[in-house]
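Scroll down for the structure; my scribbles are underneath it.
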Amino acid sequence: MVEVREETKETLLELYKKTGVLLEGNILKVINSEGDDEFSHYIKECIEKDKERRRKRLEVTKKVQDQNKELINAKEELDKVNEELRLSLIDVHKAKESVENDLDVLQKKTQYELINTIVRIALFVIVGVGVTTTLLYMVSMFTGKDTQIIGSTWSNMFGILLTNAFSIVGTIMGVKYANKDK
């Protein structure tokens, strides 16, 4: 046990009366307070207050530890959700690229089908007009009719049909290659 001098006892008691400051900690366990009732009462009060403070600090520490556990669990859950979101975002980007590729293929297929239809119809019209005009020209020649007007018409008609055919094909090819980068 540790003996405390009288002047130290008086200083500690006076400090407590003026400011309410008490000793605390393990030193209280080794101080000998026997023989002085007032100092003995002071030491007992110090021990009680010290126990109460330690209990409160322990409660606060446990509360902080519980909150830390909750925060760690929440962080882990948040990290898990963030990872799931990241993976979902990757899947969405892949799906988007796939859909864009499918749409591009579908658009090209539709364009090729449209171009094919336009060219086929244009060729039918050109061939039909050409055959009709040729038949008229041949009928006129075999029947002995004047073929001068039909001949020049036949010649002009073929020139116009060929010009239109190349114009149609050129326009289609121009549209096809103009849309190529898009």
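Things to note:
- Within segment 22-40, residues that are more than 15 Å from ARG53 (Cβ to Cβ) reach partners that are surrounded by 14 or more Cβ atoms within 10 Å (Cβ to Cβ) and charged (D, E, K, R) with beta carbons closer than 7 Å, at six or more positions or on different chains, in the pairs ASP36/LYS9; PHE39/LYS9.
- Single residue of GLU38, GLU45, GLU59, GLU70 found to be out of contact with any His (no Cβ under 8 Å at 6 or more places or on another chain) and either more than 30 Å from TYR16 (Cβ to Cβ) or at pLDDT below 85 (or both): GLU70
- Any hit, segment 87-107, residues being modelled with pLDDT of 85 or more, of a type in the set (Val, Ile, Thr) and more than 18 Å from the chain's Cα centre (by Cα): yes
- Screening the candidates LEU13, LEU22 for the property of being surrounded by 11 or more Cβ atoms within 10 Å (Cβ to Cβ) and part of a helix (DSSP H, G or I) yields one hit, LEU13.
- Out of ARG86, ARG54, ARG120, sole residue that is basic (Lys, Arg) and within 30 Å of GLY20 (Cβ to Cβ): ARG54
- Restricting attention to segment 117-131 and to residues that are within 13 Å of SER155 (Cα to Cα) and not small (Gly, Ala, Ser), the residue that is surrounded by the most Cβ atoms within 10 Å (Cβ to Cβ) turns out to be VAL129.
The values are calculated or read from the model by the stated rules, or taken from the named source; none is laboratory data. None of these values were measured; they are calculated from a predicted model. Every residue, glycine as well, gets a Cβ built from its backbone with ideal geometry; the counts of neighbours run over all protein chains shown.
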